[in-house]
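Below: one structure, written as structure tokens.
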């Protein structure tokens with residue numbers, strides 16, 4: 001709601017020539033609200049673990065945006081962060097982008113979304129910031145190595161943080177004043193619920209292994225898929241486990257109406273050309289009851305062979321991820337990561353790989369299901385499983401999954417490729433509208449706000465492309481909003 005009100009005031013008053021002043025005043029009021037919340041809730045500030053500290057400007061002084069125009073006439077900017085490491089989805093909030101310096105970095109940045117300049121930067125107490133979530137003036141993220149942080153979005157002040165455990169391979173979620181996060185604990189992993197404003201613990205619950213991408217919150221419930229294939233549902237209020245089922249889930253779920261949609265793996269036995277028995281992996285979208293967790297579709301729709309769910313230790317991406325693990329001290333993954341379960345279910349076998357894994361997560365838009373499996377983007381009717389259309393991408397097969405999960409706004413799909421293309425596709429017809437090749441692999445889902453597409457690359461670059469249509473908006477961060485289940489409220 002805050003984002004929409006800000007945008008609405010800007011549009012109204014820009015006609016009068018005072019849009020910038022009004023917008024800045026609104027942002028100032030929001031900052032004052034956060035300041036009053038600091039006084040009201042008395043943050044425990046730096047309760048355990050190392051705090052975030054302001055970064056020396058000299059470190060990023062030479063990081064300046066470059067501006068460009070595409071062959072189609074769209075204008076944009078790009079900036080290369082100093083670390084030049086794999087980056088996650090940028091999170092948009094009140095005219096700024098928030099993202100870490102990449103896997104292995106000790107940096108977290110806020111960028112001006114219009115100009116691409118660095119607004120503020122902090123040093124984190126541990127390495128590997130995940131994708132961030134932002135809500136109510138607070139940006140929350142965790143580092144791969146140990147700590148969850150809550151910073152004031154306006155200036156990066158460390159409001160509270162907690163040491164949780166090593167490694168942290170997923171990202172947090174926010175709903176209301178609750179923050180959800182998974183971490184390694186006794187007998188596997190834990191799901192913890194913290195207060196957004198104070199960092200105090202509401203509840204925590206044991207789960208078998210780390211979760212894929214992030215917890216997903218819808219209404220009064222928390223849903224998650226763990227790397228061993230289990231799907232869970234909890235009460236957001238008190239953490240009571242409502243149900244759990246092992247369907248070999250390979251992505252975070254999407255909640256729509258009374259149903260849960262998620263990608264599932266199935267194995268089939270076959271015979272190769274030499275007469276040897278082999279196991280083939282297939283993937284498709286399953287529908288579950290949100291009340292009971294029971295499967296509602298007998299046959300997975302979009303069902304196709306999924307060689308990408310086999311561990312490939314020789315690909316360019318796998319070798320890079322192994323090097324990234326080694327750079328942060330993981331010659332082999334720690335036992336707390338339980339990557340044996342992740343490898344069995346998804347083919348992921350490195351900490352870096354689990355940190356960036358998003359799977360074939362579906363999105364429900366206009367009553368239909370959209371997801372990217374391997375090099376296929378498809379729209380499916382969930383009522384009968386019929387494929388409405390398929391769009392096939394031909395790109396680099398040696399760099400992991402070829403397509404990111406889609407971001408969908410304004411009847412358009414925005415998706416990235418491992419060959420460096422950001423692609424816009426008509427959601428109704430599946431027709432490719434335009435594409436732009438940035439020349440660098442894109443692994444994480446893009447964000448789309450205020451008519452602009454934002455994405456980050458596997459080698460430390462952040463891009464913005466102005467589509468010229470301000471109706472292209474609503475997908476502010478990974479999963480759309482801070483709860484990872486849709487669009488920013490309008």
Legend entry - Residues of segment 235-246 classified as in a loop (DSSP other than H, G, I, E, B) and under 19 Å from residue 340 (Cβ atoms), total: 0
Inset, instruction - Assess whether residue 247 counts as being surrounded by 23 or more Cβ atoms within 10 Å (Cβ to Cβ), at pLDDT 95 or above and under 30 Å from residue 365 (Cβ atoms). - result: no
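Here's the yes/no breakdown for (1) surrounded by fewer than 15 Cβ atoms within 10 Å (Cβ to Cβ); (2) in contact (Cβ under 8 Å) with a residue 24 or more places away in the chain; (3) outside any strand (DSSP E or B):
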{"residue": "233", "(1), (2), (3)": "no, yes, no"}
{"residue": "252", "(1), (2), (3)": "no, yes, yes"}
{"residue": "266", "(1), (2), (3)": "no, yes, no"}
{"residue": "269", "(1), (2), (3)": "yes, no, no"}
{"residue": "275", "(1), (2), (3)": "yes, no, yes"}
Legend entry - Residue list for segment 423-433, restricted to those being touching a strand residue (DSSP E or B) at 6+ places or on another chain (Cβ under 6 Å) and either without any contact (Cβ under 8 Å) to a residue 24 or more places away in the chain or surrounded by 15 or more Cβ atoms within 10 Å (Cβ to Cβ) (or both): 423, 424, 425, 426, 427, 430, 433
Legend entry - Flag if residue 245 is in the same structural domain as residue 191 (by TED's automatic domain parsing) and either farther than 24 Å from residue 205 by Cα or within 21 Å of the chain's Cα centre (by Cα) (or both): no
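Could you tell me whether residue 257 is touching a strand residue (DSSP E or B) at 6+ places or on another chain (Cβ under 8 Å) and either surrounded by 16 or more Cβ atoms within 10 Å (Cβ to Cβ) or within 15 Å of residue 362 (Cα to Cα) (or both)?
Answer is no for this residue.
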Inset, instruction - Could you tell me which numbered condition residue 398 fails, if it satisfies all but one of (1) crowded, with 24+ Cβ neighbours inside 10 Å; (2) modelled with pLDDT under 95? - result: (1)
Legend entry - Residues being modelled with pLDDT under 95 and in contact with a helix residue (DSSP H, G or I) (Cβ under 7 Å, 6 or more places away or on another chain) - total across segment 133-152: 1
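The values are calculated or read from the model by the stated rules, or taken from the named source; none is laboratory data. No experiment lies behind these values; they were computed from the predicted model shown. Cβ atoms come from the backbone with ideal geometry, glycine included; neighbour counts cover every protein chain shown.
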